[in-house]
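Data block below; observations after.
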Amino acid sequence: MHPHTFVFALMTFLHDLFTVTWIGGLIAMGLVTLPAAKKVFGPGPQTKQFMHAVQKRQSVLVYVSMVGLALTGFLLSKRSPDFTGLFSFASTFSLLLSIKHILMLAMVATALYRSLSAKQGGAAREKLNFALLVLNIGLGVVILLLTGLLVAYAA
Ligand code: HEM
């Protein structure tokens, strides 16, 4: 196998692995873990303690995935003749990629805010925390939709 092919395969593998870790983790948290915790522990402090422990473990994986997606994504970008630079809108490929970057930055800001304010209590805070989780699931799904367009366009 040509070394370039091997590097491209490895970068795509890692990019996909970081994607399932972050976006898959968000979807599992919102649609599986949180509803199940509320069902088993009820609306009281035990659900909050359990979810705080889950979020603390998951945030390590999320931070690693953020950096991994940015690094592998940049290397994947440089491979394409249509890539005209970061935050460039000079080609359809770069336009799709730049929108993807802007949405990823919004996801990073939301994730950082959620984990830095996780300790604060109160019903309003919990509601906001859940709303931010739903926001990041939505942004992640839109990024994947954009990526489908990006890969189809690049093919
Ligand atoms: C939340 C963040 C991100 C997610 C969920 C994501 C997800 C994906 C997925 C699933 C693919 C398809 C890989 C395949 O073909 O199997 C992909 C491709 C790609 N991503 Fe990302 N990505 C993210 C961030 C980034 C960033 C930050 C960059 C650039 C710095 C980037 C650049 C690319 C490029 C260039 C491709 C390949 C397109 C092609 O086939 O030519 N991605 N991304």
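The values are calculated or read from the model by the stated rules, or taken from the named source; none is laboratory data. On a predicted model such as this, the values are computed, not experimentally measured, just so you know. Note that each Cβ is placed from the backbone with ideal geometry, even for glycine, and that neighbours are counted across all protein chains shown. Just the protein is used for accessible areas: all its heavy atoms, side chains included, with ligands, DNA and RNA removed. Shrake-Rupley method; radii C 1.70, N 1.55, O 1.52, S 1.80 Å.
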When G85 is run through (1) more than 10 Å from the ligand (Cβ to nearest atom); (2) over 25 Å from A9 (Cα atoms), the failure sits at (2)
Residue pairs qualifying under the 8 Å Cβ cut-off, at least six apart or on distinct chains, with the first in region 140-155 being under 24 Å from A109 (Cβ atoms) and among the small types (G, A, S) and the second being more than 9 Å from the ligand (Cβ to nearest atom) and part of a helix (DSSP H, G or I), are G140/L26; G140/I27
Within region 111-155, residues being open to solvent by less than 80 Å² (accessible area, probe 1.4 Å) and either within 12 Å of the ligand (Cβ to nearest atom) or among the basic types (K, R) (or both) number 16
Subset of region 11-48, residues open to solvent by 70 Å² or more (accessible area, probe 1.4 Å) and within 12 Å of the ligand (Cβ to nearest atom), comes to F13, D16, L17, V20
Only one of (1) of a type in the set (S, T, N, Q); (2) in a loop (DSSP other than H, G, I, E, B); (3) surrounded by 14 or more Cβ atoms within 10 Å (Cβ to Cβ) does not apply to S98, and that is (2)
Expected output for region 1-25 (first residue of a type in the set (S, T, N, Q), partner open to solvent by 70 Å² or more (accessible area, probe 1.4 Å) and assigned to a helix (DSSP H, G or I), Cβ below 8 Å, 6+ apart or cross-chain) is T19/L144; T21/L61; T21/V64
Residue pairs qualifying under the 7 Å Cβ cut-off, at least six apart or on distinct chains, with the first in region 55-80 being among the basic types (K, R) and the second being more than 8 Å from the ligand (Cβ to nearest atom), are R79/F8
| message | For the structure I just gave you, tell me whether L34 is part of a helix (DSSP H, G or I), more than 24 Å from S115 (Cβ to Cβ) and in contact (Cβ under 8 Å) with a residue 40 or more places away in the chain. | response | no
